[in-house]
C-alpha cells in the first residue's frame, strides 16, 4: 500500500491556518461614531438634541439643522409669541 504525502510544506500549512483564523476575527469599524449633544432654550423649555455621526462636523450640522427646525416650528406654533402664525389666528 502506498501512502501519499501532502503537497503542502509545513510553512504553507501555518500560513493557511493563520489566514483562516484571521478571517474569523471580530470585525471592528475603522472609527467610532462621534456623539454631539447640545441644549438650547426653545418654546419656553430646554431642548436637548443629540446626534450620532461619523465625524464632528457632520454631527454639528445635524444638531444645528434640528435646532433650526425647532425654531421654525416655534415661529409657527407658539402661543405666547405674538408674531407666531398660531397667535395670529
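Values quoted throughout were computed directly from the atomic coordinates according to the rules given, and no laboratory measurement underlies them. Predicted, not measured: the structure shown is a model, and the values here were computed from it. All Cβ positions, even for glycine, are placed from backbone atoms using ideal geometry, and neighbour counts span all protein chains on display.
What distance in nm separates the simple spin-label points at residue 37 and residue 86, each placed 7 Å from Cα in the Cβ direction?
Output for this residue pair reads 2.8 nm.
Cα-based Rg of the range 31-83 per 2.2 N^0.38 Å, rounded to two decimals?
Output field value: 1.33.
Compute the FRET efficiency between residue 54 and residue 74 as 1/(1 + (r/R0)^6), taking r as their Cβ-Cβ distance and R0 = 22 Å, and round to the nearest 0.05.
Calculated transfer efficiency: 0.15.
Take each of the peptides 35-45, 52-62, average the number of other beta-carbon atoms within 10 Å over its residues, and list them starting from the highest.
Descending packing order for the listed peptides: 52-62, 35-45.
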